[in-house]
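Asker: Below is a structure I'd like to ask you about.
The values are calculated or read from the model by the stated rules, or taken from the named source; none is laboratory data. Note that this is a predicted model, so its numbers are computed, not measured. Heads up, the Cβs are rebuilt from the backbone with ideal geometry, glycines too, and the neighbour counts pull from every protein chain shown. Ligands, DNA and RNA are excluded from the accessible area calculation, which covers all protein heavy atoms including side chains. Shrake-Rupley method; radii C 1.70, N 1.55, O 1.52, S 1.80 Å.
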Amino acid sequence: LVQIAGKYTLAQAFEPGWGNVVFDITPRGLRTPTLRRDDVTFVVHYRLLDGDVVLEASTGTRVLPLRAQSVAEFYAAFVTAAAELGLAAPGGTITAEIAGAAPLDADRAGRPWNRAAARLIWAALNDAAGALEQWQAPYRGQRPRGGGMWGGFAPSATRYPGGRVIPPA
């Protein structure tokens with residue numbers, strides 16, 4: 001489900017190492033960086049410990065419950081809530097980042113919601129984020145903020161030596 005908000009981050013300006021697309025590990029779950037699309041500024045906060053998703057925008061707020069449902073049902077609810085805030089559906093592909101997985105809007109398999117498992121995932125990511133922050137702290141070169149990659153829940157921390165970086169065309 002976090003891949004839905006992750007698709008919005010792909011429309012942002014490129015940063016080397018994709019440092020701009022990682023989710024922040026928050027005290028309650030995972031949150032996108034602040035995003036700007038058209039005339040709307042917004043964040044998406046997957047509050048794993050509360051069992052909901054908050055879309056907070058310059059145009060208002062919507063809350064979606066995390067519950068047993070298909071990915072397609074959640075995608076439809078997310079897109080509807082985003083549209084109420086003036087946001088178009090995520091651009092580009094809505095294909096999941098998992099090989100062989102159905103597109104997000106076509107995955108109709110029932111998925112459980114397990115609050116205890118969500119807490120364990122959050123706790124592991126929170127511990128990893130804390131360790132990566134300590135590892136990053138003394139580094140004097142460029143370092144994007146640490147966080148979690150939305151495609152596979154991998155912790156992320158990158159270091160650059162401070163030299164000029166020329167992105168590919």
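Asker: In region 95-139, which residues are hydrophobic (A, V, I, L, M, F, W, C) and open to solvent by 50 Å² or more (accessible area, probe 1.4 Å)?
Answerer: So the first thing to find is which residues in region 95-139 are hydrophobic (A, V, I, L, M, F, W, C), and the list is 96, 98-99, 101-102, 104, 106, 109, 113, 116-118, 120-125, 128-129, 131-132, 135, 137.
The answer is Ile98, Ala99, Ala106, Trp113, Ala116, Leu120, Ile121, Ala124, Ala131, Trp135, Ala137.
Asker: Quick check: is even one residue across region 90-107 in contact (Cβ under 8 Å) with a residue 12 or more places away in the chain and under 22 Å from Arg28 (Cβ atoms)?
Answerer: Among the residues of region 90-107, not one is in contact (Cβ under 8 Å) with a residue 12 or more places away in the chain and under 22 Å from Arg28 (Cβ atoms), which makes the answer no.
Asker: Would you check if there is a residue in region 70-91 being open to solvent by less than 20 Å² (accessible area, probe 1.4 Å), within 15 Å of the chain's Cα centre (by Cα), modelled with pLDDT under 85 and not basic (Lys, Arg)?
Answerer: Yes, some residue in region 70-91 is open to solvent by less than 20 Å² (accessible area, probe 1.4 Å), within 15 Å of the chain's Cα centre (by Cα), modelled with pLDDT under 85 and not basic (Lys, Arg).
Asker: Tell me which of these Arg67 doesn't satisfy, since it passes every other one: (1) part of a loop (DSSP other than H, G, I, E, B); (2) at pLDDT below 95; (3) under 23 Å from Asp24 (Cα atoms); (4) open to solvent by 80 Å² or more (accessible area, probe 1.4 Å).
Answerer: (2)
Asker: Now for a separate question. Out of everything in region 5-39 that is modelled with pLDDT of 80 or more, crowded, with 20+ Cβ neighbours inside 10 Å and of a type in the set (A, V, I, L, M), what residue ends up being farthest from Trp113 (Cα to Cα)?
Answerer: Ile25
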